[in-house]
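Some notes on the structure that comes next.
The values are calculated or read from the model by the stated rules, or taken from the named source; none is laboratory data. Remember, it's a predicted structure, so these values are computed and weren't measured experimentally. Cβ placement follows ideal geometry from the backbone for every residue including glycine, while neighbour counts extend to all protein chains displayed.
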Amino acid sequence: MAGVLSLQTILTAGGGSGRPCLGIPPHVASIRRRPPKSWGCGLLASAPLFDRLARRYEGWHLRHRVTAENEERLVREAMRGAPRPCLEVGVGTGFFAAAAGCEAGVDPSLGMLSMAAGRVPLRVQGRGEALPFASGSLGSVLVSVTLCFADDPQMLLAEASRALRPGGRLVACIVPRDTPWGRLYRSRGRLGHPLYRAARFYTLREVRSMAEAAGLKAASALATLTYPPWGRPRPEKPRPPRGGEGFACLIAVKPGG
């Protein structure tokens, strides 16, 4: 699959040569010389679910165009002026990575990555808990609607922090649990929705605590979707969270820059 690197390809091509795999530009990704021990069996356990639902996931943005554009606008604002290169962890079909202008994306699902082909130049199959990028090699990391599906969100943020260079930016966007949107999705999960039943939703405060535990300094936050899921969608500008917004982004910085 052109433009997609599997973990096996990275491990084989990266080897111990210290050269970027398959001609990946050095300014985009510097692959580790030795893979972490956690790479191996069970690495891509969530991939089949997202492989099956990739088109349905992508279709959500078309069916809810105004809401999707509000979320896209928020991500673009949160990433404004962010250092490069940019990686999105849990890139999915590349909707948010394209809004942020990210050069690379990581996702366990090849089905999702194939749909991101026209949006993200470099697509790597892998997990956020074991990023195949060298320490300090990234200027910014975007994690949008990914923490809720991560096996270990704290480890994912620790890996993002490791891969960021000093002064680098993390933008972590979520559907907050304590909002009408979060409560609706949790309810749908309990009723058997294939995606939401696999999700664990967090509050913005919890994400901030995890980011700080990963060695990052929370700088600010932005939010959108002031209308409830059953309300009439309307275009909105991002704003500091006041409580109840259905989509929010924490902006944090790695100290030392």
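The number of residues in segment 129-158 being farther than 13 Å from Ala104 by Cα and touching a strand residue (DSSP E or B) at 6+ places or on another chain (Cβ under 8 Å) comes to 8. With respect to Arg162, determine if the residue is in contact (Cβ under 8 Å) with a residue 12 or more places away in the chain and either out of contact with any strand residue (DSSP E or B) (no Cβ under 8 Å at 6 or more places or on another chain) or closer than 22 Å to Pro108 by Cα (or both). Spelling it out, Arg162 is indeed in contact (Cβ under 8 Å) with a residue 12 or more places away in the chain and either out of contact with any strand residue (DSSP E or B) (no Cβ under 8 Å at 6 or more places or on another chain) or closer than 22 Å to Pro108 by Cα (or both).
Looking at segment 172-197, which of its residues are aliphatic (A, V, I, L, M), closer than 23 Å to Arg232 by Cα and more than 21 Å from the chain's Cα centre (by Cα)? Walk me through how you get there before you give the answer.
Step one: filter segment 172-197 for residues aliphatic (A, V, I, L, M), giving 172, 174-175, 184, 191, 195.
Adding the requirement that they be closer than 23 Å to Arg232 by Cα leaves 174-175, 184.
Scanning segment 172-197 gives a single hit, Leu184.
The residue list Pro229, Pro255 contains one member that is assigned to a loop (DSSP other than H, G, I, E, B) and within 24 Å of Asn70 (Cα to Cα), which is Pro229.
If you check Ser209 against the conditions, is it out of contact with any Leu (no Cβ under 9 Å at 6 or more places or on another chain) and either within 19 Å of Ala252 (Cα to Cα) or modelled with pLDDT under 95 (or both)? Give the steps one after another, and end with the answer.
Details: out of contact with any Leu (no Cβ under 9 Å at 6 or more places or on another chain): yes; either within 19 Å of Ala252 (Cα to Cα) or modelled with pLDDT under 95 (or both): yes.
Yes, satisfied.
Filtering Leu142, Leu157 for residues that are crowded, with 24+ Cβ neighbours inside 10 Å and assigned to a helix (DSSP H, G or I) leaves a single hit, Leu157. None of Pro255, Pro238 is in contact (Cβ under 8 Å) with a residue 12 or more places away in the chain and out of contact with any helix residue (DSSP H, G or I) (no Cβ under 7 Å at 6 or more places or on another chain) except Pro255.
Every test in (1) more than 22 Å from Met79 (Cβ to Cβ); (2) of a type outside the set (A, V, I, L, M); (3) outside any helix (DSSP H, G or I) is passed by Phe133 save one, and that test is (1). Of all the numbered requirements in (1) under 14 Å from Gln125 (Cβ atoms); (2) modelled with pLDDT of 90 or more, Glu77 misses one, and that requirement is (1). Annotation note: Cβ proximity below 6 Å between a residue of segment 76-98 that is of a type in the set (D, E, K, R) and a residue that is surrounded by fewer than 24 Cβ atoms within 10 Å (Cβ to Cβ) and in a helix (DSSP H, G or I) (sequence gap 6+ or interchain) occurs for Arg76/Ala99. When Val66, Val89, Val4 are checked against the criterion of being modelled with pLDDT of 95 or more, crowded, with 16+ Cβ neighbours inside 10 Å and among the β-branched types (Val, Ile, Thr), Val89 stands alone in meeting it.
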